[in-house]
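Worksheet: the structure to be examined is printed underneath.
The values are calculated or read from the model by the stated rules, or taken from the named source; none is laboratory data. These numbers come from a predicted model, not from an experiment. As a convention, Cβ positions derive from the backbone with ideal geometry for all residues, glycine included, and neighbour counts pool all protein chains shown.
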Amino acid sequence: MAVLLHYPWERAQARLYVGTGGADIAPWLCTVASLVDGALVLLIYAVGVVVFRQREWFMIPGVSGYALMAAAGFLISVGIE
């Protein structure tokens, strides 16, 4: 599901990359980026499973679950970007 949601976002922002001169980035590159995004969502989920010792932690995350998602997402984004 995350891959399907990230693909349109990758396509929408593809023209904003510096160095492309406004040229369209190949759809396969957006597909790869979407697959990586999906893997990162799984990574955040796995961290939650380890921290909360519960596979369904994301169903009713509460404050601590949302904090974990935000912190992990922030750290991953800073590391990648």
For segment 52-81, which residues satisfy the criterion of being at pLDDT 95 or above and β-branched (Val, Ile, Thr)?
-> VAL63
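So that you can scan it fast, the table gives a plain yes or no per residue for (1) loosely packed, with under 13 Cβ neighbours inside 10 Å; (2) closer than 19 Å to MET1 by Cβ; (3) in contact with a Ser or Thr (Cβ under 6 Å, 6 or more places away or on another chain):
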residue: TRP28; (1), (2), (3): yes, no, no
residue: ALA33; (1), (2), (3): no, yes, no
residue: ALA39; (1), (2), (3): yes, yes, no
residue: LEU42; (1), (2), (3): yes, yes, no
residue: VAL50; (1), (2), (3): yes, no, no
residue: MET59; (1), (2), (3): yes, yes, no
residue: VAL63; (1), (2), (3): yes, no, no
residue: ALA67; (1), (2), (3): yes, no, no
residue: GLY79; (1), (2), (3): yes, no, no
With respect to SER64, determine if the residue is hydroxyl-bearing (Ser, Thr, Tyr) and farther than 26 Å from PRO8 by Cα.
-> yes
Would you please list the contacts, defined by Cβ atoms under 7 Å and residues six or more apart or on different chains, that run from a residue in segment 28-54 that is farther than 13 Å from GLY73 by Cα to a residue that is of a type outside the set (D, E, K, R) and assigned to a loop (DSSP other than H, G, I, E, B)?
-> VAL49/TRP57
Out of segment 5-26, which residues are modelled with pLDDT of 90 or more and exposed (fewer than 14 other Cβ atoms within 10 Å of the Cβ)?
-> LEU5, PRO8
When segment 1-17 is examined, which residues are found to be of a type in the set (A, V, I, L, M) and more than 13 Å from the chain's Cα centre (by Cα)?
-> ALA12, ALA14, LEU16
